[in-house]
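I have placed the structure first, in the form of structure tokens, so that the comments after it can refer back to it.
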Amino acid sequence: MRTGTWSAPRRVDIIGEHTDYSNGFALPFALAQRTVVHARLRDDGRVTATSDGYGEVEFPVTTAPGEVTGWGAHVAGVAWALARSGAAPTGADLRIRSAVPHGAGLSSSHSLECAVALALTGLHDRDLDRARLVRIVQHAENGYVGAPTGVMDQMASLYGEADRAVLVDARHLTAEPVPCEFASAGLALLVVDTRSPHRHADGEYGARRGTCADASRALGVADLRDVTDLDGALARLDDPVAVRRVRHVVRENARVLAAVELLRAGRLREIGPLLTASHASLRDDYEVTVAELDTAVEAALAAGALGARMIGGGFGGSVIALVEQADRASVGAAVADAFRRRGFAEPAFHVARPSRGAGRDR
């Protein structure tokens, strides 16, 4: 019986949140923490998936949206999307292990979906190109799970490289490696898991995506990345909410490209203010932060971080702080102290390092 093991990393975004929804730019990288799928081929048209801590689901490869819910929908959605792309699996048994808690803002669902997509295609000796897999995973999220996600997460997972960030161009579906060696520069990218659960069940992501699409049509551009005169564009919008959303997306795209140039020039410390500006924009213009995220950023900056911002979709999750390696402990202690004083859950910390992307392990 044909078997194999495939894995896909979680991701963290240096900068560029909510811009891929408007076919813009983002700058994530793959993490060392991975989702691992041990897979065995079966030919009876059934898929079983077992995950530590989440239980087991079973479904036919002919599954349709709504038939599998919860965490299993991410697995079933991939099988469904593969079938709709002409690469339907005959069946499989999947055993899933994951190294990062769900809900930390580190793209757990996309890591799972990428690993499952590679396993289901690998078992059948189908070598789909990575751009096609990106769209399959997005289709699984949008069409089966019902989440209006973009392409940044799976691009980082599928195209990641050690010591490289990934410049994602969501319009053209390209991924360009960018040197990103924080450790050799004496720096660390500290991730603060605020332990704040995501609170976006009321469709806030979709609402923002819709507002940006409506604004693009009102401004007569294909995507907000095509706006060249921001002040003029904002003056043409009557809705103050649209003004804030557009301002975030256009400026965030510019921050991504500015960060790429600094990284290429080896000026890593200088991206700090871009991170902080990104967080302020996500807080004030895109309005996706919560008190835990804002507190973590404020405490990290006050303790000497060079820059800090929320990561992930927002409404909970994690923060990254660019710090001198010598300051990791003191910045972490300052954030933990601020959380104690506010009565928040105790945060967790780890250092993010650009790592290899998804692939077959054995």
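Scan the range 100-117 and tell me whether some residue there is acidic (Asp, Glu), part of a helix (DSSP H, G or I), buried (at least 24 other Cβ atoms within 10 Å of the Cβ) and in contact with a strand residue (DSSP E or B) (Cβ under 7 Å, 6 or more places away or on another chain).
Here is the first cut: in the range 100-117, the residues acidic (Asp, Glu) are 113.
Remaining after also requiring part of a helix (DSSP H, G or I): 113.
If we keep only those that are buried (at least 24 other Cβ atoms within 10 Å of the Cβ) too, we end up with 113.
Within this subset, residues satisfying the condition of being in contact with a strand residue (DSSP E or B) (Cβ under 7 Å, 6 or more places away or on another chain) are none.
Checked the range 100-117: no residue is acidic (Asp, Glu), part of a helix (DSSP H, G or I), buried (at least 24 other Cβ atoms within 10 Å of the Cβ) and in contact with a strand residue (DSSP E or B) (Cβ under 7 Å, 6 or more places away or on another chain).
Please verify whether the range 295-313 includes one or more residues that are assigned to a loop (DSSP other than H, G, I, E, B) and within 18 Å of the chain's Cα centre (by Cα). Please lay out each step first, then the result.
From the range 295-313, those assigned to a loop (DSSP other than H, G, I, E, B) are 303-306, 312-313; that's our starting set.
Checking which are within 18 Å of the chain's Cα centre (by Cα) leaves us with 312-313.
Yes, the conditions are met somewhere in the range 295-313.
Taking the range 5-55 only, how many residues are more than 13 Å from the chain's Cα centre (by Cα) and at positive phi?
4
Please determine, by comparing only the residues of the range 215-231 that are in contact (Cβ under 8 Å) with a residue 40 or more places away in the chain and in a loop (DSSP other than H, G, I, E, B), which one is nearest to VAL249 (Cα to Cα). Please lay out each step first, then the result.
Going through the range 215-231, the residues in contact (Cβ under 8 Å) with a residue 40 or more places away in the chain turn out to be 216, 222-225.
Now drop any that are not in a loop (DSSP other than H, G, I, E, B), which leaves 222-223.
Details: ALA222: 14, ASP223: 10 Å.
By that ranking, first place goes to ASP223.
Which residues, taken from the range 157-166, are assigned to a helix (DSSP H, G or I) and among the small types (Gly, Ala, Ser)?
Once the filter is applied, which keeps residues that are assigned to a helix (DSSP H, G or I) and among the small types (Gly, Ala, Ser), the range 157-166 yields only SER157.
Name the residues in the range 314-331 that are buried (at least 21 other Cβ atoms within 10 Å of the Cβ) and of a type outside the set (A, V, I, L, M), would you? Step through it out loud before you land on a result.
First pass over the range 314-331, keeping only residues buried (at least 21 other Cβ atoms within 10 Å of the Cβ): 314-323, 331.
Answer for the range 314-331, where residues must be buried (at least 21 other Cβ atoms within 10 Å of the Cβ) and of a type outside the set (A, V, I, L, M): GLY314, PHE315, GLY316, GLY317, SER318.
Residue-wise test of (1) crowded, with 16+ Cβ neighbours inside 10 Å; (2) under 16 Å from the mean Cα position of the chain (by Cα); (3) modelled with pLDDT of 95 or more.
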position	(1), (2), (3)
ASP169	yes, yes, yes
ALA175	yes, yes, yes
GLY186	no, no, yes
ALA207	no, no, no
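When PHE315 is evaluated against the numbered criteria (1) closer than 30 Å to LEU128 by Cβ; (2) in contact with a Lys or Arg (Cβ under 6 Å, 6 or more places away or on another chain); (3) at pLDDT below 95, which criterion, by number, is the only one it fails?
Going through the list (1) closer than 30 Å to LEU128 by Cβ; (2) in contact with a Lys or Arg (Cβ under 6 Å, 6 or more places away or on another chain); (3) at pLDDT below 95, PHE315 breaks only (1).
Specify the residue that is nearest to the chain's Cα centre (by Cα); the eligible residues are those in the range 118-156 that are of a type in the set (Asp, Glu) and assigned to a helix (DSSP H, G or I). Spell out how you get there, then give the answer.
The initial filter retains those residues of the range 118-156 that are of a type in the set (Asp, Glu), namely 125, 127, 129, 141, 153.
Of the ones still in play, those that are also assigned to a helix (DSSP H, G or I) are 141, 153.
Working: GLU141: 13, ASP153: 4 Å.
The residue in question is ASP153.
Please verify whether the range 140-154 includes one or more residues that are out of contact with any Asp or Glu (no Cβ under 6 Å at 6 or more places or on another chain), of a type in the set (D, E, K, R), modelled with pLDDT of 95 or more and surrounded by 16 or more Cβ atoms within 10 Å (Cβ to Cβ). Please lay out each step first, then the result.
Here is the first cut: in the range 140-154, the residues out of contact with any Asp or Glu (no Cβ under 6 Å at 6 or more places or on another chain) are 141-146, 148, 153-154.
Still in the list and also of a type in the set (D, E, K, R): 141, 153.
Filter again for modelled with pLDDT of 95 or more, leaving none.
Within the range 140-154 (the criterion being out of contact with any Asp or Glu (no Cβ under 6 Å at 6 or more places or on another chain), of a type in the set (D, E, K, R), modelled with pLDDT of 95 or more and surrounded by 16 or more Cβ atoms within 10 Å (Cβ to Cβ)), the answer is no, since none of the residues qualifies.
Quick one: how many residues across the range 37-55 are at pLDDT 95 or above, part of a strand (DSSP E or B) and surrounded by fewer than 24 Cβ atoms within 10 Å (Cβ to Cβ)?
6
Run down GLY16, GLY24, GLY70 and say which single residue is more than 28 Å from ASP125 (Cβ to Cβ) and without any contact (Cβ under 8 Å) to a residue 40 or more places away in the chain.
On the way: GLY16 fails: without any contact (Cβ under 8 Å) to a residue 40 or more places away in the chain; GLY24 fails: without any contact (Cβ under 8 Å) to a residue 40 or more places away in the chain.
Going through GLY16, GLY24, GLY70 in turn, just one is more than 28 Å from ASP125 (Cβ to Cβ) and without any contact (Cβ under 8 Å) to a residue 40 or more places away in the chain: GLY70.
Mind listing whichever residues of the range 61-71 are closer than 21 Å to LEU118 by Cβ and at pLDDT 95 or above? Give the steps one after another, and end with the answer.
If we filter the range 61-71 for residues that are closer than 21 Å to LEU118 by Cβ, which is where we start, we get 61, 63, 68, 71.
Correct list: VAL61, THR63, VAL68.
Run LEU262 past the list (1) modelled with pLDDT under 95; (2) farther than 23 Å from GLY313 by Cα and report the number of the one that doesn't hold.
Among (1) modelled with pLDDT under 95; (2) farther than 23 Å from GLY313 by Cα, LEU262 violates only (1).
Residue-wise test of (1) touching a helix residue (DSSP H, G or I) at 6+ places or on another chain (Cβ under 7 Å); (2) at pLDDT 95 or above; (3) among the β-branched types (Val, Ile, Thr); (4) closer than 30 Å to ALA215 by Cβ.
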position	(1), (2), (3), (4)
HIS279	yes, yes, no, yes
VAL323	yes, yes, yes, no
ALA326	no, yes, no, no
ALA338	yes, yes, no, no
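Among the residues of the range 201-213, is any closer than 22 Å to GLU113 by Cβ, free of Cβ contacts under 8 Å to residues at least 12 places away in the same chain and assigned by TED's automatic domain parsing to the domain that holds GLY312?
yes
With GLY77, GLY66 as the choices, which residue is in a helix (DSSP H, G or I) and not hydroxyl-bearing (Ser, Thr, Tyr)? Don't jump to the end; show me each part of the working.
Values: GLY66 fails: in a helix (DSSP H, G or I).
Just one listed residue meets the conditions, GLY77.
The values are calculated or read from the model by the stated rules, or taken from the named source; none is laboratory data. Since this is a predicted model, take the numbers as computed values, not measurements. Counting neighbours? That spans all protein chains shown, and the Cβs are built from the backbone with ideal geometry, glycine included.
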